[in-house]
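Below you'll find the structure, written out as structure tokens, and then a few comments.
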Amino acid sequence: MMTQDATNKKTRANSLRVIFVLAVAACFLVAVHKHLFNVNSHYYYTWKWQWIASKTVYPVFFVLAIPFFVAQIVYLRRRARVWIALMAVTLSTFGLMIGGAVVQKDPPSFSRISEVVQSRFSTGYFVTAAMLVRKEMPVRELLRRYPTLMDHFYLHPRQKPPGLVLFEMGIIRLFGSGNAGAMASGWLIAALACLGVVSTYLFIACFTGSRDAAFAGASYFALCPSLLLFFPDFDICYPNLTVLLTVLWALSLKTNQTRYSVAFGIAYAITGMITYLPGVLPIFLVGFAWLQHQSDPQCRWSRIAWHIAIAAGVFAAFYFVLWATTGFNPISTLRESATQVNILWDKLINIYQYPRHSLPWTFFTDLYDFALGSAWISFALLGLYLQSAVKTALTPVTRIALVSVSQFVLIAAIGLLQTETARIWIFMYPMLMLPIGLELAKWRPWQRIAVYAALLLLTAAMCQSMQFIDGAM
């Protein structure tokens, strides 16, 4: 048992950690509110300053956050009701997404949602789908001709696989290509995105075995600026895909059941029809496989190779069947996407005079923007967790936390997904939330509440002062 002196020392140390995080939050809160120190900016990209009246923003955020804080009390009093608490947190996230979009209009209006969905430049999927529906192009023909059509699409879909365009085509056929269809698309995106709170809980619980860490990490994610303020952009839905893939891979190796590796292969194939971003997840997947090999004598390299082979075979079979039935060519589509990305960068640099991107500088700016999207104090909490971790022996939980951190640090180091990382890297948020959850789980309840309150204030201030997504048509 700990002595009284040891207990007092631990309490003081914990109090200092809380003070440090809240001090960081206060500094950034003042900087954001007063538009100081270029906290909205880095060398390669700037989130535009704006100003919305405080009386418009803060009451909306505070009211819609009530279910979130009620959920914290519910979980504190009875941990067995974790799913009730999670549903309340998810409900709050859904409301904050909608509310954050509504207050962007003057006067506040739900029309902001349909405007962004219908924007050619901020999203582009809906208007591209509307164009294809007007031309009465069958899905089979669209898939067969997809690589040749991409050059005629609007900004974002011309660099992406067909999944989101097909999603919007389905919405348009049900609700029309006008405001009703755009609004239906926006609300469905919000519903899918807020499920990321539950997904993040499952991710942390699966890889740490700690319900407290999982709930704390999911709660932090629920109030992150990127999740709430990029609505109704599709990127906010991608954490669900990350969790699906990583958890299925973990189940494959832990249980040695073929059904999970089959599901993993199918999930990866379907994900590849929606976005290419999870293509970088092998950093985490390989790291977890290595940890599982080290900790489980039954998880030999032959088992790992067997599940990789099954998943790869299922992945290839999926696209072979899709090609045989529709003519869709995934390789040509990937090549054309890369071509369109290069064309875009060429225009940005040579026509719009964007600075050229180069390592090592993008390593720092990309990580900064990732921190910005999670309200900066996320990195303070991460730093505190790592500080404690290096002082103790490496436990299995610490190892998986290090693998999680390596996922986004290595992506920054190789410069694979540069710029706008507050948006583009949202799919890696579960990895960031894992060590944050582990850190917050060690804190007292009121200390966690203080952090969440600070996070809510920072997100509201960023909604008031920074423009994350443009509604221009």
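The values are calculated or read from the model by the stated rules, or taken from the named source; none is laboratory data. Being a predicted model, the structure only gives us computed values, none of them experimental. For neighbour counting, all protein chains shown are included, and Cβ atoms are generated from backbone atoms with ideal geometry for every residue, glycine included.
So which residues in segment 326-368 are exposed (fewer than 15 other Cβ atoms within 10 Å of the Cβ) and among the polar types (S, T, N, Q)? Scanning segment 326-368 gives S332, N342, N350, Q353, S358. Restricting A269, A316, A324, A309 to those that are within 15 Å of S252 (Cα to Cα) and in a helix (DSSP H, G or I) reduces the list to A309.
In contact (Cβ under 8 Å) with a residue 60 or more places away in the chain and closer than 23 Å to L227 by Cα: is that true of L64 in this structure? No: the conditions fail for L64. Can you say whether W323 is more than 26 Å from F408 (Cβ to Cβ), surrounded by fewer than 19 Cβ atoms within 10 Å (Cβ to Cβ) and in contact with a His (Cβ under 7 Å, 6 or more places away or on another chain), as far as the supplied structure shows? Spelling it out, it is not the case that W323 is more than 26 Å from F408 (Cβ to Cβ), surrounded by fewer than 19 Cβ atoms within 10 Å (Cβ to Cβ) and in contact with a His (Cβ under 7 Å, 6 or more places away or on another chain). Looking across F69, F61, F28, one residue alone is more than 30 Å from T362 (Cβ to Cβ) and crowded, with 19+ Cβ neighbours inside 10 Å. It is F61.
Are there any pairs with C-beta distances below 8 angstrom linking a residue in segment 289-300 that is under 14 Å from I400 (Cα atoms) and among the hydroxyl-bearing types (S, T, Y) to a residue that is part of a helix (DSSP H, G or I) and at pLDDT below 95, with the two at least 6 apart or on different chains, and if so which? Listed by first residue and then by second, the contacts come to S295/P396. S92 - would you say it is over 21 Å from the mean Cα position of the chain (by Cα), among the polar types (S, T, N, Q) and farther than 30 Å from H357 by Cα? Judged against the criteria, S92 is not a match. Residue count for segment 89-113, restricted to those that are within 17 Å of S54 (Cα to Cα), not in a helix (DSSP H, G or I) and not charged (D, E, K, R): 5.
Selection of helices (runs of 4 or more DSSP H) fully inside segment 348-451 by the criterion of at least 3 residues being of a type in the set (S, T, N, Q) and either closer than 27 Å to S41 by Cβ or modelled with pLDDT under 95 (or both) returns 377-389.
A count restricted to segment 114-133 and to residues that are hydroxyl-bearing (S, T, Y), in a helix (DSSP H, G or I) and within 20 Å of Q104 (Cα to Cα) stands at 1. Beta carbons closer than 7 Å, at least 6 apart along the sequence or on distinct chains, pair a first residue in segment 115-137 that is in contact (Cβ under 8 Å) with a residue 12 or more places away in the chain and of a type in the set (A, V, I, L, M) with a second that is crowded, with 24+ Cβ neighbours inside 10 Å and not in a helix (DSSP H, G or I) for V116/T123; V116/P232; V117/T123; V117/P232. For segment 267-281, filtered to residues that are closer than 19 Å to V165 by Cα and among the β-branched types (V, I, T), the residue that is surrounded by the fewest Cβ atoms within 10 Å (Cβ to Cβ) is I270. Per the listing A380, A371, A375, the residue uniquely surrounded by 19 or more Cβ atoms within 10 Å (Cβ to Cβ), without any contact (Cβ under 8 Å) to a residue 24 or more places away in the chain and touching a helix residue (DSSP H, G or I) at 6+ places or on another chain (Cβ under 8 Å) is A371. Screening A88 on (1) hydrophobic (A, V, I, L, M, F, W, C); (2) buried (at least 19 other Cβ atoms within 10 Å of the Cβ); (3) out of contact with any helix residue (DSSP H, G or I) (no Cβ under 6 Å at 6 or more places or on another chain) shows it passes everything except condition (3). Tell me, please, whether a residue that is within 21 Å of P162 (Cα to Cα), hydrophobic (A, V, I, L, M, F, W, C) and surrounded by fewer than 16 Cβ atoms within 10 Å (Cβ to Cβ) can be found in segment 282-304. No, the conditions are met nowhere in segment 282-304.
Here A182, A250 are screened, and the one residue that is surrounded by 24 or more Cβ atoms within 10 Å (Cβ to Cβ), touching a residue at least 40 places away in the same chain (Cβ under 8 Å), of a type in the set (A, V, I, L, M, F, W, C) and assigned to a helix (DSSP H, G or I) is A182. Here V262 meets the list (1) surrounded by fewer than 24 Cβ atoms within 10 Å (Cβ to Cβ); (2) not in a helix (DSSP H, G or I) almost entirely, failing just condition (2).
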